[in-house]
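The values are calculated or read from the model by the stated rules, or taken from the named source; none is laboratory data. These numbers come from a predicted model, not from an experiment. Ideal geometry is used to build each Cβ from the backbone, glycine not excepted, and the neighbour counts take in all protein chains shown.
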Amino acid sequence: MERDDLDLAYIVELRDALAAESITTIDFDRLALWLTTLGATLPGLYRAREDAAAMREDYTTRISGMLKAIAIAEKGKSSLDTALEIIDHLPEKSATELIGYYRRAQVRFRDTFPTSFGMITPRRAPSQMKKPRTKK
């Protein structure tokens with residue numbers, strides 16, 4: 001975070017020097033080093049941005065689907081209106097807010113559509129299917 005602040009401050013410093021046509025105040029060795037570092041960092045930042053966009057789209061789709069299903073199950077116009085209002089504003093939410101919406105929607109979805117998954121026992125391996133032999 002501190003590194004980001006230093007980089008942003010340096011960008012402002014460079015912009016101000018260029019705007020004032022004060023090229024003599026620019027340290028070109030520092031600028032070359034900074035550009036080299038930035039060039040090495042940018043591909044990772046671009047990948048992270050693409051990954052974040054894919055995750056954001058996935059979360060938005062999941063939340064939307066759960067909210068629509070809940071609204072339909074509740075069979076009320078106000079439920080559907082509320083769900084659509086939330087869905088319309090999901091793209092402007094931060095990642096932290098999306099995670100919160102996802103968790104709340106997931107809980108409501110599970111409450112609305114209870115299952116018997118808790119009753120299912122895990123499969124046993126064939127070796128575990130044999131009953132242990134005991135002496136009589």
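Taken as a whole, the condition of being of a type in the set (Ser, Thr, Tyr) and surrounded by 10 or more Cβ atoms within 10 Å (Cβ to Cβ) does not apply to THR24. Residue count for region 1-54 under the criterion of being under 25 Å from the mean Cα position of the chain (by Cα) and without any contact (Cβ under 8 Å) to a residue 12 or more places away in the chain: the result is 20. Region 1-99 holds helices (runs of 4 or more DSSP H) entirely within its bounds, and those carrying 2 or more residues that are within 30 Å of ARG110 (Cβ to Cβ) map to 28-74, 77-89. Scanning region 62-82 for residues that are among the hydroxyl-bearing types (Ser, Thr, Tyr), farther than 17 Å from ARG103 by Cβ and within 25 Å of the chain's Cα centre (by Cα) gives a single hit, THR82. Confirm whether ILE72 is farther than 26 Å from LEU14 by Cα and either buried (at least 16 other Cβ atoms within 10 Å of the Cβ) or polar (S, T, N, Q) (or both). It is false that ILE72 is farther than 26 Å from LEU14 by Cα and either buried (at least 16 other Cβ atoms within 10 Å of the Cβ) or polar (S, T, N, Q) (or both). Quick check on this structure: which one of ASP88, ASP51 is at pLDDT 95 or above and under 30 Å from ASP7 (Cβ atoms)? Result: ASP51 is the single residue among ASP88, ASP51 that is at pLDDT 95 or above and under 30 Å from ASP7 (Cβ atoms).
Within region 88-107, residues that are closer than 11 Å to ILE63 by Cβ sit with their Cβ atoms under 6 Å from residues that are surrounded by 14 or more Cβ atoms within 10 Å (Cβ to Cβ), at 6+ positions apart or across chains, in these pairs: LEU90/THR60; LEU98/TYR59; TYR101/ILE63; TYR102/TYR59; TYR102/ILE63; ALA105/ILE63; ALA105/MET66; ALA105/LEU67.
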